[in-house]
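I have placed the structure first, in the form of C-alpha cells, so that the comments after it can refer back to it.
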Amino acid sequence: MNGVNTREPEGGMRDALERPMSPWETMRAVLWSFFGVRRRDGYERDVQRLNPVYVIVAGVLAAALFVLALVGAVQWVVRSGVAL
C-alpha cells in the first residue's frame, strides 16, 4: 500500500451519524450556543449525542434566520422614521 491509513477510527463519522439526538433537540442545542450560556454537564451530554450533520444544518438555518431578523429590524426602523 502507499502508507495511507484508510481505516476509520473508533467512534468515527459513521458512529457520529447514528447518534440519537433528534433535529429539534439539535436545534435547541445550537440556539443555546448562539445565546452563549450553557451548563457544563448539559454541554458534555449534548456533545456525546449530537449528530454532526444536524448541527451543521441547524447552525446554518439559525444564522440565516438571525441575519433575516436583523435586516427586518433595520428596515422597520428606517421606514418608521425613527432613524432620522
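The values are calculated or read from the model by the stated rules, or taken from the named source; none is laboratory data. A quick note: this is a predicted structure, and the numbers were derived from the prediction, not measured. Counting neighbours? That spans all protein chains shown, and the Cβs are built from the backbone with ideal geometry, glycine included.
The table below lists the values:
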{"read-out": "Spans of helices (runs of 4 or more DSSP H) in the chain with at least 1 residues modelled with pLDDT of 80 or more and not polar (S, T, N, Q)", "value": "23-35, 40-49, 52-80"}
{"read-out": "Residue list for the stretch 34-84, filter: within 10 Å of the chain's Cα centre (by Cα), farther than 15 Å from P23 by Cα and small (G, A, S)", "value": "A63"}
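For (1) free of Cβ contacts under 8 Å to residues at least 12 places away in the same chain; (2) farther than 11 Å from A29 by Cα; (3) in contact with a strand residue (DSSP E or B) (Cβ under 7 Å, 6 or more places away or on another chain), each residue gets a yes or a no:
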position: V47; (1), (2), (3): yes, no, no
position: P52; (1), (2), (3): no, yes, no
position: V55; (1), (2), (3): no, no, no
position: A64; (1), (2), (3): yes, yes, no
position: L68; (1), (2), (3): yes, yes, no
position: V71; (1), (2), (3): yes, yes, no
